[in-house]
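Okay, structure first, notes after.
The values are calculated or read from the model by the stated rules, or taken from the named source; none is laboratory data. What you see is a predicted model, and the numbers here were worked out from it, not measured in a lab. Here the Cβ is made from the backbone with ideal geometry for all residues, glycine too, and neighbour counts use every protein chain on show.
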Amino acid sequence: MWPTGSSTAPFLLTGFPGLEKAHCWISIPFFIVYASVILGNSILLFLIRDDRSLHEPIYYFLAMLAATDLGVTLTTMPTVMGVLWLNHREISHESCFSQAYFIHTLSVMESGVLLALAYDCFVAICNPLRYTSILTDSPVVKIGIVVFMRAFLSLIPLILRLHGFFNCHSHILSHTFCLHQDVIKLACADITFNLIYPVVLASLTGFLNSVIILFSYILILKTVMNIASGEERAKALNTCISHVCCVLVFYITVIGLTLIHHFGKHLPHVVLIIMSFVYFIFPPLMNPIIYSVKTKQIRNGILRIFSLNRPIS
């Protein structure tokens, strides 16, 4: 047993408290979901790389979304399955902080990619004749770099602060992977910065992104309503339906997790753990499904992968 006040002791991941004997059974649906996420997003990335007809701005942004979802999955999966399969609960400080950094960074990045996809929809519908001249390779690359750098740089101050904290309360984390909010609860230090910075960051990234996305769709709807033909209006709206579904999946899980953490303190702790999993796993699972169902080129590409050459009309 590590001493309670030792800052060098590894953290201990709890898994699902009270359900330890069922970890083996719990691991089955988790493994199926993780495998589905990896398969679905890997297929999307392969199709976009391999099919030249998909070398367009919207699919480049979609590839960024799939890569982000893969990153979230591969970041959390090792410790989750290690706890459920092997009861391997120890994780070093360095591994824990690195995992927390990538988990939160990729969450910020996903929000940024959804904003980039909203911009693509806006240009495609509001400026269709200038689409190819506005979204050339250079702007697409610049948007990708900005999304990437904003996410990876914005979390550095938060995670660096964790290295200076002394954990004198406990080393037990209430999850199967490391989250910043769990780690700072164990610190015997002034954590004001680590409490305020995430709120500011969430306001400047997730909340601001959602407001811009909402405003872009107001402009899109205004443009669509001015189209005389009902068939053309439906075609224009169908262009963005996949993106709308992905945005709803992402932000509904964000809002659900936020509400449970603020108003669900009376709920069993396992409910909070499950809701965290929904936030980190559900969007990566649904995004490739949504785009596969709604996008003809991707559906045909999937059929080709499985040697079904019959195109879908």
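Taken over segment 187-196, the criterion of being buried (at least 18 other Cβ atoms within 10 Å of the Cβ) and either under 22 Å from the mean Cα position of the chain (by Cα) or assigned to a loop (DSSP other than H, G, I, E, B) (or both) is satisfied by 194 alone. Of all the criteria given as (1) surrounded by 13 or more Cβ atoms within 10 Å (Cβ to Cβ); (2) part of a loop (DSSP other than H, G, I, E, B); (3) not aliphatic (A, V, I, L, M), the one not satisfied by residue 102 is (2). Tell me, please, whether a residue that is in contact (Cβ under 8 Å) with a residue 12 or more places away in the chain, surrounded by 15 or more Cβ atoms within 10 Å (Cβ to Cβ) and under 18 Å from the mean Cα position of the chain (by Cα) can be found in segment 215-234. The answer is no; no qualifying residue exists.
Against the condition in contact (Cβ under 8 Å) with a residue 40 or more places away in the chain, more than 26 Å from residue 83 (Cβ to Cβ), aliphatic (A, V, I, L, M) and surrounded by 14 or more Cβ atoms within 10 Å (Cβ to Cβ), how does residue 183 come out, does it pass?
On the way: in contact (Cβ under 8 Å) with a residue 40 or more places away in the chain: yes; more than 26 Å from residue 83 (Cβ to Cβ): no; aliphatic (A, V, I, L, M): yes; surrounded by 14 or more Cβ atoms within 10 Å (Cβ to Cβ): yes.
Answer is no for this residue.
Only one entry of 292, 242 meets the criterion of being on the phi < 0 side of the Ramachandran plot, in contact (Cβ under 8 Å) with a residue 12 or more places away in the chain, in contact with a Phe, Trp or Tyr (Cβ under 9 Å, 6 or more places away or on another chain) and not β-branched (Val, Ile, Thr), and that entry is 242. Taking the conditions (1) touching a residue at least 24 places away in the same chain (Cβ under 8 Å); (2) surrounded by fewer than 21 Cβ atoms within 10 Å (Cβ to Cβ) in turn, residue 62 satisfies each one other than (2). Restricting attention to segment 132-172, the residues that are exposed (fewer than 11 other Cβ atoms within 10 Å of the Cβ) and either over 30 Å from residue 59 (Cβ atoms) or touching a residue at least 40 places away in the same chain (Cβ under 8 Å) (or both) add up to 2.
Only one of 130, 150 is in contact with a helix residue (DSSP H, G or I) (Cβ under 7 Å, 6 or more places away or on another chain) and basic (Lys, Arg); which?
Working: 130 fails: in contact with a helix residue (DSSP H, G or I) (Cβ under 7 Å, 6 or more places away or on another chain).
Result: 150 is the single residue among 130, 150 that is in contact with a helix residue (DSSP H, G or I) (Cβ under 7 Å, 6 or more places away or on another chain) and basic (Lys, Arg).
Within segment 26-57, being under 19 Å from residue 120 (Cβ atoms), in a helix (DSSP H, G or I) and over 18 Å from the mean Cα position of the chain (by Cα) holds for 47, 48, 49, 52, 53, 54, 57.
Each residue in segment 256-276 was checked for being modelled with pLDDT of 85 or more and either touching a Gly at 6+ places or on another chain (Cβ under 8 Å) or within 21 Å of residue 42 (Cβ to Cβ) (or both), and 1 of them qualify. Cβ separations smaller than 8 Å between residues 6+ apart or across chains give no pair from segment 103-115 residues that are within 20 Å of residue 141 (Cβ to Cβ) and without any contact (Cβ under 8 Å) to a residue 40 or more places away in the chain to residues that are outside any helix (DSSP H, G or I) and among the basic types (Lys, Arg). When residue 88 is tested against the conditions (1) within 28 Å of residue 16 (Cα to Cα); (2) part of a helix (DSSP H, G or I), the lone failure is (2).
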